[in-house]
Amino acid sequence: MKEILSKYIPERAVDVTFELIMKHHVHLKIVNQRVTRHGDYRRMPDGTHMITVNASENKYRFFVTLIHEIAHLVAFEEFGRQIKPHGIEWKRTFQQLMLPFINPQIFPTRLLPIVANHFRNPKASSDTDAKFALALKQYDPENDKNYVFEIPQGSTFRMHNGKIFKRGNKRVKRYECVEVATGRVYLFNPNAEVELLRS
């Protein structure tokens, strides 16, 4: 298991993460990329704990996702199943689990302050913290995707599901975009990954 972890998370985090996995009897499953989520946690009918994380060449994204899911397990075990999945108990648990790792031995110097800031109030998904998501993105392999905020106003783009939108105005933090086929308006996070359509 340690050899597998060392492929996916920062080297200095492997031993402590392995101990967490063993302590909480986690069955870790690494799967092909899913667009809608980075990972998930489920308590199986036999009482075992299944954590699924997308395979990623970005060790920092994989690591934060893995600890995010372990925090669900620990929070449910400690506070009971009636808590909100991303409520205050989960946030505090996630913060406590991450605290030993927020140091320059784990995260690069330019990423560290953004990680520290994110964990003052962790979000349900790292993608909803645009600054944190953009900082993590720097460690992804190159791809041909753009962020919504990079798309020129009035230009069209395609989502992962094939739907085509036209980018409109920024509204506080998110962007109004019109689905071309239906005329319906949707709000997009600035860091949503899309494919710019060249005219």
* May I ask you to verify whether ARG158 is basic (Lys, Arg) and in contact with a Pro (Cβ under 9 Å, 6 or more places away or on another chain)? => no
Taking the conditions exactly as written (in contact (Cβ under 8 Å) with a residue 60 or more places away in the chain, within 22 Å of ASP15 (Cβ to Cβ) and assigned to a helix (DSSP H, G or I)), does LEU73 satisfy them or not?
no
Is it the case that some residue within segment 27-44 is assigned to a loop (DSSP other than H, G, I, E, B), more than 25 Å from ASP140 (Cβ to Cβ) and in contact with a helix residue (DSSP H, G or I) (Cβ under 6 Å, 6 or more places away or on another chain)?
no
For segment 152-168 the number of residues that are basic (Lys, Arg), part of a strand (DSSP E or B) and touching an Asp or Glu at 6+ places or on another chain (Cβ under 7 Å) is 1
>> Given the criteria of a type outside the set (A, V, I, L, M, F, W, C), modelled with pLDDT of 90 or more and over 16 Å from the mean Cα position of the chain (by Cα), does LYS29 qualify?
In response: yes
Report whether or not ILE106 is in contact (Cβ under 8 Å) with a residue 24 or more places away in the chain, out of contact with any Gly (no Cβ under 7 Å at 6 or more places or on another chain) and more than 30 Å from ILE9 (Cβ to Cβ). no
Subset of segment 169-185, residues more than 13 Å from GLN153 (Cα to Cα), among the aliphatic types (A, V, I, L, M) and assigned to a strand (DSSP E or B), comes to VAL185
Checking GLN105, GLN82 in turn, the sole residue that is within 21 Å of LEU5 (Cα to Cα) and of a type outside the set (A, V, I, L, M) turns out to be GLN105
Hey, GLU89 acidic (Asp, Glu), assigned by TED's automatic domain parsing to the domain that holds HIS25 and under 18 Å from LYS23 (Cβ atoms) or not:
no
Restricted to segment 96-110 and to residues being in a loop (DSSP other than H, G, I, E, B) and out of contact with any Pro (no Cβ under 7 Å at 6 or more places or on another chain), the residue surrounded by the most Cβ atoms within 10 Å (Cβ to Cβ) is PHE107
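One line per residue, one yes/no per condition, for (1) on the phi > 0 side of the Ramachandran plot; (2) in a strand (DSSP E or B); (3) touching a strand residue (DSSP E or B) at 6+ places or on another chain (Cβ under 7 Å):
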{"residue": "LEU20", "(1), (2), (3)": "no, no, no"}
{"residue": "VAL53", "(1), (2), (3)": "no, yes, yes"}
{"residue": "GLU69", "(1), (2), (3)": "no, no, yes"}
{"residue": "GLU89", "(1), (2), (3)": "no, no, no"}
Of the residues in segment 111-156 that are touching a residue at least 40 places away in the same chain (Cβ under 8 Å) and touching a Leu at 6+ places or on another chain (Cβ under 7 Å), the one that is surrounded by the most Cβ atoms within 10 Å (Cβ to Cβ) is ILE151
Residue set GLU69, GLU19, GLU57; condition charged (D, E, K, R), crowded, with 17+ Cβ neighbours inside 10 Å and either touching an Asp or Glu at 6+ places or on another chain (Cβ under 8 Å) or more than 22 Å from VAL115 (Cα to Cα) (or both); output residue GLU69
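The values are calculated or read from the model by the stated rules, or taken from the named source; none is laboratory data. Only a predicted model underlies this, so the values are computations on that prediction, with no experimental measurement involved. Virtual Cβ from ideal backbone geometry, glycine too; neighbours counted across all protein chains shown.
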